[in-house]
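The values are calculated or read from the model by the stated rules, or taken from the named source; none is laboratory data. Since we're looking at a predicted model, the values are computed, not measured. All Cβ positions, glycine included, derive from the backbone under ideal geometry; neighbour counts span all protein chains shown.
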Number of protein chains: 2
Amino acid sequence: MAGSNLHAVAKEAGVSVSTASRVLNKAPGTVAISAATIARVRAAANSLGYVPHAAARMLRTGRSRCIGVLGAHPSFFAARGHFTGEIMAGLMRAGVELGYHTTLLTGWEHFVAGGDIHADLGSADGLLVLNRDLYQNPAHMDTIRRCRIPVVYALEHPDGDPDVVYARPDDEQGGRLAVEALRHAGHERIGFGRNREWQGIFGRRQRGWETAMRAAGVELRDDWVFNETPDPQCVAELGLTAIIGANQSIGRTAHQVLADAGVPVELVVFGHLDERGAPLQDDPAVAHDLAGCIARAVHQLVGLIEGKTIDRQILAPMAFHPSTTALAGPTR
Amino acid sequence: MAGSNLHAVAKEAGVSVSTASRVLNKAPGTVAISAATIARVRAAANSLGYVPHAAARMLRTGRSRCIGVLGAHPSFFAARGHFTGEIMAGLMRAGVELGYHTTLLTGWEHFVAGGDIHADLGSADGLLVLNRDLYQNPAHMDTIRRCRIPVVYALEHPDGDPDVVYARPDDEQGGRLAVEALRHAGHERIGFGRNREWQGIFGRRQRGWETAMRAAGVELRDDWVFNETPDPQCVAELGLTAIIGANQSIGRTAHQVLADAGVPVELVVFGHLDERGAPLQDDPAVAHDLAGCIARAVHQLVGLIEGKTIDRQILAPMAFHPSTTALAGPTR
DNA sequence: CTGAAAGCGCTTACAG
DNA sequence: CTGAAAGCGCTTACAG
């Protein structure tokens, strides 16, 4: 790199290495140093383009200012969709804010193959887990625990453990929001479409729907929930006039299938926002700020690393975004 | 981490730290060590769960086994599309193969804001540039050069510099491929649709189209290329029977606009493959293996870092993927 | 074939 | 207010 080290800076400033280190590292006021010394060391560091050697610092302090991100299998990242971009945006934003690096733990594949992730985690001060396969496997969890570094979960997280730290969208509240929007437009009989993926997230969205529907005094039946694609005849018989899609694709498909079968329904989906906060889908949607959520998780993690008190369980509220055309009322 | 160090391993094995280090690091046969010693050190390291301290090793060797990835602004990652996922997949694949970590240089935003990226690059052995804003700015290039670490470009790269190292899809060959496919179906008058984004990539695709068309003896005119959306009347007058879209969105839109105006054309787009190598779009497409390309770029970079001889300019061939329905011939 | 020693660059008690 | 010294864990000439 730049090549100059503390020794050179100290020499240039005419002070000892210790003093140079103190000037450059200690928060002003924390330690007594003369103003003249401070000025000379700063000037020397500047003129030499001094950049602290990260490895040396880490060896000494035991901190790398680097967090590991345990994502999913590459094929997940390679899946269609907006997902990865939001995650990246959140990671970078928080990294810049906090002065931390972000390492993709490329060892993940080794890890799930029964390999040893210790080497990969070795230089991370903390671990951000974005992966639900992981914590559902006790052996994997044990491996992570042995690393003895703070762990924060985003997106999905182990349930029922009060010590777990996470930040995620409030999917249940999102489900209630979707019901509210449709009820406001006059709908009373509202179905819920999901699939068997993402049990945690889709499950919470469904629970929100259930809660809001029950609160509105609607008698729910199991067949108001469909998997993947609804049966138009069944929807017609149940008299559903609207559906909520646990994601955009499920909602879109269901909407289309029903329309084609002459059973039109109104649709609200769970969707995404773009980087300017505008909804990414044309359908009316309940959406979360995923990038913001990831960024908050990183803040939690750095808080843990640095021993600060933090909110250990963050639920980020979702918001309803109407489409360009207002929600229509029941047509049947 | 695990807490045990070389010292502990050496003690357990009854050898010196030097010997333990040699056993654990030198390639077998490189250095003379007795078989018994090797066995004892290996056993000790295993039983203690020894993991080398990355920072200490780096401080000593000056190598971090970590490469920096200078991507784009988060808003780019957050854009719709398949892009980021393929990049991630390529990075992870190569990282695992080569035993290198991958650091997202979160300092990019600081960098373009005129900040100093040295601190971020400090611990990277090499730099992968995925960003075209960067090398078009002399000041940024200068900053990178001062880091004195090897640099490899993927996706886009500076033109005309014979020393530059890159791996990217062969877009020009892809353009020729698209023409071939359409000519094979009987088309002779083939237009090209692009926009003003991605000058480098779209320009090369266009150049491939030009080359193949000229080679086929077709007299090209400037108005066979349209920006964003074609003028149906113009297309009809020119007698174009097919178009090539520089990406899927441009191609799709143009195809639709022309069909709506009663000027149907056959369409081939530039597209993507999913992680199993299947095309991601319904239209007939010329597609590249972007993840593979990124992985090859990482291999180049690690080759440079480790002083091996490498292919300095890699052009990965693209392939034509017909859709489920074969290409139709000219209809007008 | 093996070990003792130096040193990578930094931070931090400790001693003035 | 400042400096000399120890030591983080490792690798590698150097000397046996």
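Of note:
- Extreme residue, nearest to the chain's Cα centre (by Cα), among residues of segment A:291-310 that are in contact (Cβ under 8 Å) with a residue 40 or more places away in the chain and more than 19 Å from A:HIS272 (Cα to Cα): A:VAL298
- Residue list for segment A:12-34, restricted to those being exposed (fewer than 10 other Cβ atoms within 10 Å of the Cβ) and not polar (S, T, N, Q): A:ALA27, A:PRO28, A:GLY29, A:ALA32
- Criterion: farther than 30 Å from B:LEU273 by Cα, part of a loop (DSSP other than H, G, I, E, B) and at pLDDT 85 or above - qualifying residue of B:ILE38, B:ILE33: B:ILE33
- In the condition set (1) within 13 Å of chain A (Cβ to nearest Cβ); (2) over 30 Å from B:MET141 (Cβ atoms); (3) surrounded by fewer than 19 Cβ atoms within 10 Å (Cβ to Cβ); (4) within 8 Å of DNA strand D (Cβ to nearest atom), B:TYR50 is compliant with all but (3).
- Scanning segment B:56-73 for residues that are surrounded by fewer than 18 Cβ atoms within 10 Å (Cβ to Cβ), away from DNA strand C (no atom under 16 Å from the Cβ) and at the interface with another protein chain (Cβ under 8 Å from one of its Cβ atoms) returns no hits.
- Single unsatisfied condition, B:THR241 versus (1) crowded, with 22+ Cβ neighbours inside 10 Å; (2) of a type in the set (Ser, Thr, Tyr); (3) in the same structural domain as B:GLY85 (by TED's automatic domain parsing): (3)
- Residue within segment B:40-55 that is of a type in the set (A, V, I, L, M, F, W, C) and within 7 Å of DNA strand C (Cβ to nearest atom) present: no
- Residue, farthest from the chain's Cα centre (by Cα), within segment A:1-30, restricted to residues that are within 9 Å of DNA strand C (Cβ to nearest atom) and not in a helix (DSSP H, G or I): A:SER16
- Of the strands (runs of 3 or more DSSP E) lying entirely inside segment B:160-278, those containing at least 2 residues that are modelled with pLDDT of 95 or more and β-branched (Val, Ile, Thr) span B:242-245, B:266-272.
- Among the residues of segment B:176-191, not a single one is among the basic types (Lys, Arg) and surrounded by fewer than 15 Cβ atoms within 10 Å (Cβ to Cβ).
- Selection count, segment B:64-111, where residues are outside any helix (DSSP H, G or I), modelled with pLDDT under 60 and not hydroxyl-bearing (Ser, Thr, Tyr): 6
- Long-range neighbours under 7 Å by Cβ, at least six apart or interchain, first residue within 22 Å of A:ALA56 (Cβ to Cβ) within segment A:16-44, second more than 11 Å from DNA strand D (Cβ to nearest atom) and in a helix (DSSP H, G or I): A:ALA20/A:VAL9; A:VAL23/A:ARG42; A:LEU24/A:ALA45; A:VAL41/A:VAL9; A:VAL41/A:LEU24; A:ALA44/A:VAL9; A:ALA44/A:GLU12
- Those residues of segment A:279-305 which are small (Gly, Ala, Ser) and either in a strand (DSSP E or B) or closer than 10 Å to A:HIS321 by Cα (or both), in sequence order: A:ALA285, A:ALA287
- Residue match in segment B:229-237 (condition: exposed (fewer than 15 other Cβ atoms within 10 Å of the Cβ) and in contact with a Ser or Thr (Cβ under 7 Å, 6 or more places away or on another chain)): yes
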